[in-house]
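**Q** I have a structure I would like to understand better, so I am pasting it below and will then ask my questions one at a time.
The values are calculated or read from the model by the stated rules, or taken from the named source; none is laboratory data. Nothing here was measured: the structure is a model prediction, and the numbers come from that model. Quick reminder, even Gly has a Cβ in these numbers, built from the backbone with ideal geometry, and neighbours come from all protein chains shown. Only protein heavy atoms, including side chains, enter the accessible area calculation; ligands, DNA and RNA are left aside. Shrake-Rupley method; radii C 1.70, N 1.55, O 1.52, S 1.80 Å.
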Amino acid sequence: MTKSKILLIILLVALFVFNSNAQETINDSTTKTSTSKQLKVGYTGSYPFITSGSNPDGIIIDLWKEISYGTDYEYDFIHFDDVNIGINAVQKNELDILIGPITINLDRAKKISFSQPFYNTELAILSPIRELTMWDRLSPFFSINFIYAVFGLIFILTLVGFLVWLVERKGELEEYRDKPLQGIGIGVWLAIVTMTTVGYGDYSPKTPAGRAILGSWMVISLIMATSFVAGIASTLTASSNTSNTITTLSQIDTDKRVAIPSISRLSDNIRANGGKPIVVHDVDEAMELLNEGKVEAIVYDVIPLEHIYNKLDKDEFIMTTNGLYKQNYGFVLPTESNLKREVNLKILELKESNEIQQIIDLWVNKE
């Protein structure tokens with residue numbers, strides 16, 4: 001065999017091996033491309049759900065990484081400042097999924113599809129601890145209701161005193177006959193000692209009509225005195241409180257200003273009590289208003305509010321939760337998404353293993 005033939009054989013073998021390897025590489029690449037899923041993942045929210053910066057991080061990002069772990073998902077993150085813009089992008093199929101602390105509600109569910117709720121949240125109240133001033137303690141006694149009650153009682157006592165004088169003025173007592181003002185004053189005095197059950201005995205009705213009036217007043221005054229004393233006791237209890245700190249929505253009244261998220265029901269509730277809601281974009285903006293004295297309290301989602309509260313002096317601030325406006329957070333997907341079932345199963349798995357709560361606790365307590 002000549003050298004030329006040997007070289008030709010070697011060349012043919014080399015070409016065969018190279019062609020086989022190239023074909024195998026193409027097949028592997030085709031297989032990888034056909035099985036991998038390139039997703040467009042939108043994200044929205046504020047700290048600690050989402051951190052600011054070029055590299056997204058936070059509760060939501062960690063949760064998505066857990067959901068996509070062990071899958072063949074490949075994805076690009078796209079940030080949205082406004083959740084409604086992100087939802088519109090999902091509706092137009094410009095996104096495969098929008099992740100974030102997105103409240104599940106009927107209006108949104110009519111447009112897009114939601115995943116399983118990954119967290120059940122509620123609103124909390126954060127406010128400075130404020131001690132009562134002397135005026136705070138005395139002001140209940142100058143309230144309209146208390147003043148109305150006092151003047152109402154004085155009017156009734158005067159009316160009873162006048163009726164007693166009217167029927168007793170022709171009797172034996174000279175004060176009734178010749179001195180009307182003094183006679184009415186004696187009648188008022190009789191009404192007072194009768195109501196208080198003191199009964200000094202210095203004056204008493206002499207005529208049957210006078211006795212009938214004061215006898216009726218005895219029964220009526222028992223009922224009135226009980227209600228009046230209860231009102232005074234309630235006022236004293238309110239004025240004896242040691243704090244003027246806002247811990248419930250009912251305390252947000254009489255032009256008190258409070259920072260809230262954009263929730264129309266909450267805003268309407270606060271306005272109905274006489275308060276002034278101020279809508280903020282995130283909890284950091286709300287805390288800035290509180291520190292500047294522009295609001296008296298913050299009503300916000302418990303997770304970011306708790307993160308803020310953990311950094312504050314507990315002797316100066318208090319955070320309370322009363323089951324306010326409970327709501328569910330979920331992810332947004334197109335209505336015909338093939339991704340929904342897989343995401344739902346993974347969320348349920350993470351909830352049952354308590355991994356979602358662990359992620360949240362980690363970020364809430366993070367310095």
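**Q** So if we plug the beta-carbon distance of Asn338 and Lys276 into 1/(1 + (r/R0)^6) with R0 = 30 Å, what FRET efficiency do we get, rounded to 0.05?
**A** After rounding to 0.05, the efficiency reads 0.05.
**Q** While we're on this one: What is the extension gain from Lys65 to Thr248, computed as 0.36 nm multiplied by their sequence separation minus the C-alpha to C-alpha distance, in nm to one decimal?
**A** 62.1 nm
**Q** Got a sec? Which residues in the stretch 187-216 would a label at Phe162 touch, if it sits 7 Å along Cα→Cβ and we count backbone N under 14 Å?
**A** 187-188
**Q** Please report the accessible area of Ile192 (heavy atoms, 1.4 Å probe, ligands and nucleic acids excluded) in Å², nearest 10.
**A** 60
**Q** Follow-up question, since we're still on this one. Taking a point 7 angstrom from the Cα of Lys110 along the C-beta vector, which residues in the stretch 259-279 have backbone N less than 18 Å away?
**A** 264-265
**Q** Taking all protein chains together and a probe of 1.4 Å, list Phe77, Phe331, Phe146 from the most accessible to the least accessible.
**A** So, going from the largest accessible area down, we get Phe77, Phe146, Phe331.
**Q** Averaged per residue, what accessible area in Å² does the stretch 68-119 show with a 1.4 Å probe, protein chains only?
**A** Counting only protein heavy atoms, the per-residue value for the stretch 68-119 is 54 Å².
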